[in-house]
2 protein chains.
Amino acid sequence: MKTIADLARLAGVSKSTVSRALNDSPLIGGETRRRIRAIAREHRFQMNEAARRLSLKQSQIVALVTYAYQPDWAVADAFSLEIMSGVSTGLHANGYDLLLIQITPKDTEWVGRYLGSGRADGFIVMAASCTQQHISTLVEANAPFIIWGSMPASHDYCSVDGDSFAGGRTAAAHMLRSGRRRVAFIGGPARAREVQERYRGYLAALREAGTQAEDALVEYGDYSPASGAAAMRALLERAGDLDGVFVSSDLMAIAAIEELHAQGRRVPEDVAVVGYDDVSLAAHSDPPLTTIRQNGPLAGRLLAENLVQNLRTGAVTNVTIPADLVVRKSA
Amino acid sequence: MKTIADLARLAGVSKSTVSRALNDSPLIGGETRRRIRAIAREHRFQMNEAARRLSLKQSQIVALVTYAYQPDWAVADAFSLEIMSGVSTGLHANGYDLLLIQITPKDTEWVGRYLGSGRADGFIVMAASCTQQHISTLVEANAPFIIWGSMPASHDYCSVDGDSFAGGRTAAAHMLRSGRRRVAFIGGPARAREVQERYRGYLAALREAGTQAEDALVEYGDYSPASGAAAMRALLERAGDLDGVFVSSDLMAIAAIEELHAQGRRVPEDVAVVGYDDVSLAAHSDPPLTTIRQNGPLAGRLLAENLVQNLRTGAVTNVTIPADLVVRKSA
DNA sequence: CCCATGAACGCAACCGGTTGCAACCGCGAT
DNA sequence: ATCGCGGTTGCAACCGGTTGCGTTCATGGG
């Protein structure tokens, strides 16, 4: 592999000139630059990144932080893939590489390990798989990072989030518009911010439709299918005449549908169901699930772009992406 | 951030001694080593990786090669995630980092871009998303790499693959054992090696059960649900009394089941169905799909470990991992 | 005609590690 | 007392880029 010193010799100039020519420095004359670049191309020159990074004191790498895989976690569906893909393209477009790192819940050294050693310039973390602890670690280390998902009310770091309020509103409005009178709400953990937002959206839709909100129509779970079925059961007991339900996750929604079937209700004839996430099996469930989907690739791209911007300018941005309704058969 | 020069000053020794102590060089006395490491720990020392890589001429990074995300490709299910996770843990355990790179079909420069610049030491590629072209590029560049999936008969590079033969055999045997007499075969593309292997396994199971193989019972598709349904339709026309079918992919299997239902057959009462892959929706299909699953995390770990071994010793290994039957309701 | 000015480029230090080789130590053997 | 030797440690070069500053040369203005 050739070095810029080799190119310099070939071109009859100095290392500095080659370096500058390759980096589009205005200090170099047009003719010289062209000649040097031609030689570089001709020899398939590839700059040694390690050396460059050493000099520049930056790696042009951002790390996507994930937890170690938990078999029971297989829920990590296609959306993660989509987001990763988006992050990757967004990063590459800006000259950055994507590092995938796995951490354990109790590990608090990882920030230093990657930032201090210069293996990464910044981080992308997922709110879903990330404790408050981890976030504090990041801010204390003064690490550049961006987070996907809902964040505490007061925060001073970058983020990209789905529009949970709009998602909840759209879902509920869809059912109300098609004539449903008593639509219930099944959430994830009540303290999860995105769940609260979806609930607020649900409420807004009810209000706009002139419908009364009822406490008897809301129930919470923990995103597990079992909890979805349990919540459905509870609702049915308290309000047997409900004719629609907005569920905060597809997996819970599918479990809820099974529960409905078990109790002899037809979906969507008797009760409409709309889920959230549009996981891959949503399209193949019985009946195919109407649900709210977020644009994964877009989310990824925004995560990448905003982090890079933060890296370059220090700007901290908070953007939210739309949540779209995909209508199938269940509502 | 401190450098080894700083540590050297603090410890009253030279840079070289610090470097050696930190790298467990046998040249350093036990006492000195301990003292230096203590100081390093105390100051939360993190070695500058860029500098280290420049000296060592290796990055301790391997790149996982993926294609840019294609929306119509959403099939890239949980298995990819599992495999990635496995690769990640396997790599970290060996002191390597995982880089995620995306390439386009016509890009032929990527090998040089990453290898020549020292951004990665080796590659992991997926047979499924990888043309013969890409492989040639890799071998010509003399790049260290390992591939997941079936490879051409003659090859001299590392690989990890699922045991398709055993998978096909197990699937067919399961149905035969439970009394099915005429079990059919629906494959993916006939020229795909893994499909051929699964077919051979299917044949072996028939032979072992003393059953006659029939050409009328085999049909091929292209992994798309539509092709699965079409294949099922064709089989039903030719051999209306079949009572079992082994399908080369879950998505096709689910489509086949829908076709069976459409024609008034019950699953599994009238005809048993076994799929392949155990995608996330297999557990939730109607009826829940009996299928063949491969251990993604294991595959990933093996990919990582064997590539690292190749990097260190040059050994080229070809390993295959088991394909396990997961029995649900469809067979 | 001379000097200030700026464009284009070279010199050499620096980034922070690694490593071959020389230097030094105390020791038992000759 | 001298020599040889194994065990430790330091010196300095090297990895391949980047960049502040000085140098060279042509040009335009006084």
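The values are calculated or read from the model by the stated rules, or taken from the named source; none is laboratory data. As the structure is a prediction and not an experimental result, all values here were calculated from the model. Heads up, the Cβs are rebuilt from the backbone with ideal geometry, glycines too, and the neighbour counts pull from every protein chain shown.
Inclusion of B:Tyr223 among residues that are of a type in the set (Phe, Trp, Tyr) and modelled with pLDDT under 95 is warranted.
Evaluation of B:Trp148 against the conditions (1) modelled with pLDDT of 95 or more; (2) under 30 Å from B:Gln309 (Cβ atoms) shows that the sole unmet condition is (1). Candidates B:Val319, B:Val267, B:Val247, B:Val326: the one that is buried (at least 16 other Cβ atoms within 10 Å of the Cβ), within 29 Å of A:Leu81 (Cα to Cα) and in contact (Cβ under 8 Å) with a residue 24 or more places away in the chain is B:Val247.
I'd like to check which helices (runs of 4 or more DSSP H) are fully inside the range A:129-242 and have at least 3 residues that are within 22 Å of the chain's Cα centre (by Cα) and buried (at least 16 other Cβ atoms within 10 Å of the Cβ). Per the criteria, A:132-140, A:164-177, A:193-208.
Here's the yes/no breakdown for (1) at the interface with another protein chain (Cβ under 9 Å from one of its Cβ atoms); (2) modelled with pLDDT of 95 or more; (3) under 30 Å from A:Ile147 (Cα atoms):
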residue	(1), (2), (3)
A:Ser19	no, yes, no
A:Gly29	no, no, no
A:Arg37	no, yes, no
A:Ala40	no, yes, no
A:Asn48	yes, yes, no
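If the condition is being within 42 Å of the chain's Cα centre (by Cα) and among the aliphatic types (A, V, I, L, M), then the range B:7-26 contributes B:Val18, B:Ala21, B:Leu22.
Considering the conditions (1) of a type in the set (A, V, I, L, M, F, W, C); (2) under 26 Å from B:Gly300 (Cβ atoms); (3) over 22 Å from the mean Cα position of the chain (by Cα); (4) modelled with pLDDT of 95 or more, B:Phe123 is excluded by exactly one of them, (3).
Across the range B:275-292, the qualifying residues are those that are small (Gly, Ala, Ser) and more than 7 Å from chain A (Cβ to nearest Cβ), and the one among them that is surrounded by the fewest Cβ atoms within 10 Å (Cβ to Cβ) is B:Ala283. Please work out which residue is nearest to DNA strand D (Cβ to nearest atom), limiting yourself to the range B:4-17 and to residues that are out of contact with any helix residue (DSSP H, G or I) (no Cβ under 6 Å at 6 or more places or on another chain) and either at positive phi or within 14 Å of another protein chain (Cβ to nearest Cβ) (or both). Result: B:Gly12. Scanning for something within 14 Å of chain A (Cβ to nearest Cβ), within 26 Å of A:Ala40 (Cα to Cα) and hydroxyl-bearing (Ser, Thr, Tyr), does the range B:112-121 turn up at least one residue? Yes; the residues of the range B:112-121 include at least one that is within 14 Å of chain A (Cβ to nearest Cβ), within 26 Å of A:Ala40 (Cα to Cα) and hydroxyl-bearing (Ser, Thr, Tyr). Residues of the range B:157-197 that are within 19 Å of B:Ile146 (Cβ to Cβ) and of a type in the set (A, V, I, L, M): B:Val160 alone. Every condition in (1) over 23 Å from B:Gly314 (Cβ atoms); (2) surrounded by fewer than 20 Cβ atoms within 10 Å (Cβ to Cβ) is met by B:Ala93 except one, and the failing one is (1). Residue selection: B:Met1 satisfies the criterion of being more than 9 Å from DNA strand D (Cβ to nearest atom), within 13 Å of chain A (Cβ to nearest Cβ), modelled with pLDDT under 95 and more than 37 Å from the chain's Cα centre (by Cα).
Within the range A:22-49, which residues are under 25 Å from B:Lys57 (Cβ atoms) and more than 7 Å from DNA strand D (Cβ to nearest atom)?
Passing the criteria: A:Ile36, A:Ile39, A:Ala40, A:Arg41, A:Glu42, A:His43, A:Arg44, A:Phe45, A:Gln46, A:Glu49.
Whether any residue in the range B:59-72 is within 13 Å of DNA strand D (Cβ to nearest atom) and either modelled with pLDDT of 95 or more or within 14 Å of chain A (Cβ to nearest Cβ) (or both) is what I want to check. Among the residues of the range B:59-72, at least one is within 13 Å of DNA strand D (Cβ to nearest atom) and either modelled with pLDDT of 95 or more or within 14 Å of chain A (Cβ to nearest Cβ) (or both), which makes the answer yes. If I filter the range B:14-48 down to residues being within 8 Å of DNA strand C (Cβ to nearest atom) and either closer than 24 Å to B:Gly116 by Cα or of a type in the set (A, V, I, L, M) (or both), which single residue comes out as surrounded by the fewest Cβ atoms within 10 Å (Cβ to Cβ)? Ranking the candidates gives B:Leu27 first. Annotation: A:Asp278 fulfils all but one of (1) on the phi > 0 side of the Ramachandran plot; (2) not assigned by TED's automatic domain parsing to the domain that holds A:Leu176; the unmet one is (2). Selection over the range B:78-89 of residues that are surrounded by fewer than 24 Cβ atoms within 10 Å (Cβ to Cβ) and more than 7 Å from chain A (Cβ to nearest Cβ) gives a count of 2.
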